[in-house]
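Comments concern the structure below.
Bear in mind these aren't lab numbers, they're just calculated from the coordinates by the rules spelled out. It should be emphasised that the depicted structure is a prediction, and the values quoted were computed from it without experimental measurement. For neighbour counting, all protein chains shown are included, and Cβ atoms are generated from backbone atoms with ideal geometry for every residue, glycine included.
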Amino acid sequence: MTAGCTGALRGGILYLTLDTRGSSVNVFTPAVALELERELEAGLEAGARAVVVQSKKPGSFINGVGLLLAASSHSEEAAMERAHALQRCYLSLAAAPVPTIAAIEGNCYGCGLELALTCDYRIARDSYDTHFYMPELRDYAFIPLFGATQRLPRLLGLGAGLRLLLGERLDARRALRLGLIDRLAPDLRKALPGFLSGLRARGWPKRELRRPPQRPLPRLADLPGPERELARECLRLSRLTLRRGYRLEDGLRDELAGFWRTVGTRDSERAMSFFFIRQAAKAHAIGSALYRRPERLKVHVDRSLPALARLFRLRPLPGVQLGPAAGADIAFAAKKIRGVLTCAVGSLQPDADCSALLPLAGEDVPPLELVPTNREMPWRAGAPLFQFLEQAGFAPVVSRARGRFVSKRLLDALTAALREAPSAQVRSELLEFGFRLPKAVARRLGSRKARRRQKNLAGRAVEALAREAIRALDDGTLVHPSQADLLAHLLCGFPVVRGGLLRCAAGSKSPIARSARRVLGQR
Amino acid sequence: MTPRPVRVFALRGPRGTLVRVGQSEGKGIERIACRSPGLGRFGDILAMMLFGMSEPGDDEPVRRGGGEEQRPRCPLGRAHVCKGISVENSLQGPHPARVSNDTPMTARRSRKREPELFPAVRAALEPLVAKSLRKRITPQASILADLGLDSLKVVELTVLLEKELGRPVFLPEWIASVNDPAELTVESLALFLTEQK
């Protein structure tokens with residue numbers, strides 16, 4: 001039985017297929033890396049002319065290297081041993097004497113993107129769940145360790161490479177425009193033979209790196225306070241590639257040292273713990289944290305919701321068809337459509353199957369609060385809707401709101417707590433604390449007329465949000481603390497390096513600390 | 001049974017104190033991280049290691065070099081437990097808890113008892129582990145290597161444990177408390193949950 005990588009030589013092409021055993025997504029563990037390395041070596045010895053790395057999991061190329069491994073590695077010796085085992089696999093793939101192609105379908109995150117970067121060519125499926133994202137810095141507060149800081153700037157240029165390292169999320173179409181991928185196709189199985197024929201006609205060339213277009217560097221001062229130091233380190237590592245006499249091996253060694261300096265910090269531990277908060281909120285919402293892509297889904301969007309219809313059109317998913325209400329599986333409408341799982345957007349509608357609020361439609365990952373009418377939790381009947389929204393790039397959260405959506409309650413609480421302070425002070429202090437405020441929320445906060453500076457605005461923001469979240473937990477509107485933490489993060493950009501709103505409040509000296517500890521079940 | 005000489009090395013780093021029990025510095029037979037700088041916790045962990053992973057203060061007997069029976073009731077620093085243990089600091093000068101003795105201590109692992117919450121942990125693990133692997137759910141099983149759980153399944157485990165125990169459970173603290181992924185065992189999880197009670 002394999003851990004998650006098999007190899008097959010067909011027509012002179014070595015196909016390395018990733019399929020992590022027992023997981024709904026591909027996880028690139030040391031065991032999988034070892035298998036890939038062995039299969040690659042065997043395939044090359046058998047005379048492979050090209051290597052294709054592909055995934056068997058629908059919707060996931062590679063999601064990560066195993067957060068459990070990263071979060072529990074505190075012994076430098078053991079962690080480095082593990083990192084070197086993985087790095088060896090990346091280096092073997094990069095050093096293959098024949099062209100290597102990553103065929104990407106689904107999430108291509110972190111070390112998965114780094115694996116794709118070691119390949120000469122990348123082709124991707126044209127679907128919204130083909131996403132490219134480096135979560136290391138933004139979500140886990142450490143430096144990537146498998147070559148992203150060295151390979152991205154050389155492929156995309158310093159500006160675009162750094163943006164990606166800082167957590168910019170790219171869909172497949174944008175990735176093509178930037179030059180991260182070489183070809184986009186609606187169906188990889190059909191596109192791959194053509195791509196390989198092209199390579200064969202050119203004599204199986206390896207890729208030659210060209211000088212990438214230079215785009216402006218992101219302003220590091222605009223980043224939330226806790227991310228700035230990491231961003232500077234990423235920039236320093238990226239700039240190594242511009243030095244005269246640069247050697248990739250030296251850059252990779254420097255990057256690994258940077259990873260080790262940043263991975264064991266309190267910030268990174270808290271940030272990694274937020275992954276579990278996010279997934280626990282999902283598990284409490286629909287009964288499972290696993291990733292499942294519906295095979296086929298017909299979705300109807302009412303004419304009264306043009307903004308939502310536009311978002312869905314921009315975010316195509318394989319197997320999902322937008323169309324009329326008749327025969328649809330899911331409908332977004334104002335009123336219940338008989339025989340269809342209907343989601344009423346904008347207000348709480350008792351006759352629909354669920355109601356939804358989309359308070360920040362302009363965000364890259366817009367949060368969307370879903371309220372099932374039958375109040376069932378977990379809401380298993382709503383799982384297809386939840387998974388569809390998640391894969392279409394929304395951040396769904398399920399609540400049992402009555403009268404008012406919890407999202408609205410939290411946003412109002414934050415606004416009320418900060419309305420007496422000068423808006424510039426609010427923005428700068430919250431940014432320094434780590435809040436990544438959505439633009440629409442930043443506009444609402446503080447007052448332009450207020451001149452008197454106020455003290456501890458970040459503390460007041462945390463307290464106001466936590467107070468409202470605890471109220472929602474106490475009145476049963478939210479069923480689990482993770483949902484409150486996730487809502488605060490999605491709506492107000494609450495920093496992951498603080499480890500979740502309620503834990504942050506519980507550890508503070510504010511009057512709300514005791515209540516926060518109570519809802520968290522802490523002594 | 002031939003008694004096995006044991007030396008304890010305390011390595012203090014930015015993330016707490018790393019304790020190694022072994023015959024030489026590089027080859028520990030047991031490794032465990034003490035995250036709290038306080039000696040009490042350090043002593044607890046040390047006692048747990050030496051006395052068969054049982055809770056400090058448990059009634060498990062311990063055989064020492066001279067064949068003497070001793071109950072591990074005290075934290076590190078109290079002579080009757082620490083006598084014979086060599087605690088050395090390899091990184092930053094003498095460890096505050098330095099206790100040395102010319103006679104190396106030998107500890108025999110007593111027969112292990114199942115942790116108090118092991119049945120609850122096993123009940124929560126069963127639906128998440130493949131049928132063929134279920135018989136591997138023992139206290140010593142590693143949730144990664146033996147049971148094949150990934151981070152998403154650990155989230156599901158959290159939800160199931162919350163149902164079993166009827167209280168919120170936050171496993172990232174457990175995950176961060178170990179020194180190496182191999183230490184994420186069923187037993188360490190049960191002990192963590194007991195501590196959180």
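Brief remarks on what is shown
- Computed over region B:118-196, the ratio Rg/Rh where both radii use C-alpha atoms and Rh is Kirkwood: 0.91
- Principal axis dimensions, region A:411-452 - Cα atoms, whole angstrom, descending: 23, 21, 15
- Exposure proxy order (Cβ contacts within 10 Å, fewest to most) of A:336, A:509, B:153: A:509, A:336, B:153
- The alpha carbons of chain A occupy a box of 67, 55, 43 Å along the principal axes, longest dimension given first.
- If both residues of a DSSP beta bridge must be in region A:297-398, then about 20% of such bridges are antiparallel.
- Selection among A:386, A:510, A:213 by position relative to the dipole of chain A gives A:510 as farthest towards the positive end (Cβ unit charges, Cα centre).
- Shape call, region A:259-302: gyration tensor on alpha carbons, a/c limit 1.5: prolate
- q = 0.08, 0.15, 0.18 Å⁻¹: log10 I(q)/I(0) that the Debye formula gives for region A:5-264, counting C-alpha atoms only: -0.29, -1.09, -1.60
- Peptide B:141-149 shows a mean partner chain C-beta count of 2 within 10 Å per residue C-beta.
- Alpha carbon centroid spacing (whole Å) that separates region A:99-124 from region A:367-412: 33
- When DSSP beta bridges are restricted to pairs lying wholly in chain A, around 25% turn out antiparallel.
- Dividing the convex hull volume of the alpha-carbon atoms in region A:172-237 by its residue count gives 148 Å³ per residue.
- Relative intensity, log₁₀ I(q)/I(0), of region A:387-500 from a Debye sum that treats every alpha carbon as a point, q = 0.13, 0.16 Å⁻¹: -0.49, -0.73
- Across peptide B:179-186, the average count of Cβ atoms from other chains found within 10 Å of a residue's Cβ is 5.
- Rounded if a/c under 1.5, otherwise prolate or oblate - region A:113-160, Cα gyration tensor axes: oblate
- For region A:310-391, projected area of the alpha-carbon convex hull averaged over all directions, nm²: 5.5
- Sorted into 5 angstrom bins from 0, the C-alpha pair distances of region A:131-258 split as 2, 10, 18, 20, 18, 14, 9, 6, 2, 1, 0 percent.
- For region A:5-264, DSSP calls about 30 percent of its internal beta bridges antiparallel.
- Spatial separation of Cα centroids for region A:269-348 and region A:498-512, in angstrom: 32
- Test item: A:269-275 mean partner chain Cβ contacts at 10 Å: 3
- Relative contact order of region A:264-400, defined on C-alpha pairs under 8 angstrom at six or more residues apart (%): 22
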